[in-house]
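Enquirer: Structure in structure tokens, see below.
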Ligand code: AMP
């Protein structure tokens, strides 16, 4: 089936903000550097010294801000930043965040991680009313709604705007004298609050706190609007929080293993639990268990612990290649697996090997890896183990997954997938097994594994993934 045009940019991103530090922009630069894994297409920083100053560009954080003059042009003690994930089309730089605008209460800048599920409809509505959009990102809709609100105060305008949008959003908003951190009522994406020498810092993940020496205080709560200004912290919870739906895929793949997210849970330790559970469910007699680096490493350690099969590094990763999946074009992705991973045949030769990866999306990576381990590594047997349940449904809340039809597990049975990737055996972690490893399993979204979507989305919206969903 022909891959449909992707209309809206994907919003798998990282955000970082600082309030009350003389080196605010420099700290945001470092924070974004630590969050680089959340998006490599572009990045931006907006700072405030009464007026707002914005610098953004395409590429990696270190490339955009490598000239000290760029950071020097971002004065002030408050700053927010954003790392943007790759998009499939359109003009890129205009979509890089923070997005800045002026409205009746002054200047405002916004950085968004997540994906709105009613953005297309809201955009059409706003455009009919005369709004002129400068980007084609979901996030600009939020700014327009804030500006359009008839309320008088900033907090009331925010509440107004947020009560209209649906979907996943962890937000940082910068105004002349304050920074505002917001998490949607389901808490889909992570957002943590920390402190550094009396300043406040907010980050998608705590690995960024570690880099700058900040101390974690707590998560921004689902549904919370936290205003940080000269009066300190002011927390508003105007929305009903019925059920958390924190993204379990943040643990499985997306967040860095050294981060503690969703109530201070360490990503690496959880991945180890996934690996242990996987070994309980699908043990196979083998000489060694090897990870697909880097995302498979922690779960492989757990698998090895539980199964007593020795852990080995049988695949070596070239760290100077970006995440292959992120490349927008198919041919680059296929090529990328070879560029990225190399098997060590002196370790693998003649061995029965268990390979652990975090997920199978289209099946391309697993197929290449099994082939490499067998043909270049000369392994005797290759058993694939996946530390998550099979991915059967696309994500509408900010993880970049292809359309349902392209998800191999949505269209093929497990034995067919095993055959396709040419493994001797294949097993996924069960959904019950995954849930059993989590402290509060009902607080998570598993939509990519069970197709149960906790937040409604508008089927008429024109994102290709949604269109796809209406026809299956
Ligand atoms: P695929 O080749 O399409 O099956 O992709 C599977 C590989 O992509 C696995 O090795 C995962 O680690 C990785 N992966 C899974 N989800 C994502 C994502 N949303 N973004 C980037 N890489 C991913």
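Enquirer: What's the total number of residues in the stretch 217-252 that are in a strand (DSSP E or B) and under 17 Å from residue 172 (Cβ atoms)?
Expert: Counting residues in the stretch 217-252 that are in a strand (DSSP E or B) and under 17 Å from residue 172 (Cβ atoms) gives 12.
Enquirer: Just name the residue that is modelled with the highest pLDDT out of those in the stretch 315-337 that are assigned to a helix (DSSP H, G or I) and in contact with a helix residue (DSSP H, G or I) (Cβ under 7 Å, 6 or more places away or on another chain).
Expert: Of everything passing the filter in the stretch 315-337, 337 is modelled with the highest pLDDT.
Enquirer: Just wondering, is there one or more residues in the stretch 398-407 that are in contact with a strand residue (DSSP E or B) (Cβ under 7 Å, 6 or more places away or on another chain), within 13 Å of the ligand (Cβ to nearest atom) and closer than 30 Å to residue 169 by Cβ?
Expert: Yes, some residue in the stretch 398-407 is in contact with a strand residue (DSSP E or B) (Cβ under 7 Å, 6 or more places away or on another chain), within 13 Å of the ligand (Cβ to nearest atom) and closer than 30 Å to residue 169 by Cβ.
Enquirer: If you scan the stretch 412-446, which residues turn out to be more than 13 Å from the ligand (Cβ to nearest atom), assigned to a helix (DSSP H, G or I) and surrounded by fewer than 19 Cβ atoms within 10 Å (Cβ to Cβ)?
Expert: 414, 415, 416, 419, 431, 432, 435, 436, 441, 442, 443
Enquirer: On to the next question. Pull out all pairs, ordered by first then second residue, where Cβ-Cβ is under 9 Å, the residues are six or more apart or on different chains, the first lies in the stretch 350-363 and is over 11 Å from residue 389 (Cα atoms), and the second is assigned to a strand (DSSP E or B) and near the ligand (Cβ under 10 Å from one of its atoms).
Expert: As it stands, the answer is 356/386; 357/386, since those pairs meet every condition given.
Enquirer: Would you please list the contacts, defined by Cβ atoms under 7 Å and residues six or more apart or on different chains, that run from a residue in the stretch 291-313 that is in contact (Cβ under 8 Å) with a residue 24 or more places away in the chain and over 16 Å from residue 359 (Cβ atoms) to a residue that is assigned to a loop (DSSP other than H, G, I, E, B) and more than 16 Å from the ligand (Cβ to nearest atom)?
Expert: That search, which allows pairs on different chains as well, returns 304/310; 307/283; 309/286.
Enquirer: Within the stretch 92-204, considering only strands (runs of 3 or more DSSP E) that don't extend past its boundaries, which have at least 3 residues that are at pLDDT 95 or above and surrounded by 21 or more Cβ atoms within 10 Å (Cβ to Cβ)?
Expert: Qualifying strands (runs of 3 or more DSSP E): 106-113, 170-175, 179-183, 192-196, 199-203.
Enquirer: Which one is farthest from residue 438 (Cα to Cα), of the residues in the stretch 226-250 that are modelled with pLDDT under 95 and either surrounded by 12 or more Cβ atoms within 10 Å (Cβ to Cβ) or within 16 Å of the ligand (Cβ to nearest atom) (or both)?
Expert: Applying the filter and picking the extreme gives 239.
Enquirer: Let me ask something additional. Do any helices (runs of 4 or more DSSP H) lying entirely in the stretch 14-73 carry at least 2 residues that are out of contact with any strand residue (DSSP E or B) (no Cβ under 8 Å at 6 or more places or on another chain), and which ones are they? Working first, answer last.
Expert: Numbers: elements: 24-34, 61-64, 68-72.
Answer list for the stretch 14-73: 24-34, 68-72.
Enquirer: Is it fair to say residue 79 is touching a strand residue (DSSP E or B) at 6+ places or on another chain (Cβ under 9 Å) and either farther than 16 Å from residue 41 by Cα or not assigned by TED's automatic domain parsing to the domain that holds residue 399 (or both)? Quick ask: steps written out before the conclusion?
Expert: Values: touching a strand residue (DSSP E or B) at 6+ places or on another chain (Cβ under 9 Å): yes; either farther than 16 Å from residue 41 by Cα or not assigned by TED's automatic domain parsing to the domain that holds residue 399 (or both): yes.
Yes; evaluated as a whole, the condition is true for this residue.
The values are calculated or read from the model by the stated rules, or taken from the named source; none is laboratory data. In this text, all values refer to a predicted model and were calculated from it rather than measured experimentally. Using ideal geometry, Cβ is built from the backbone for each residue, glycine included, and neighbour counts are taken over all protein chains shown.
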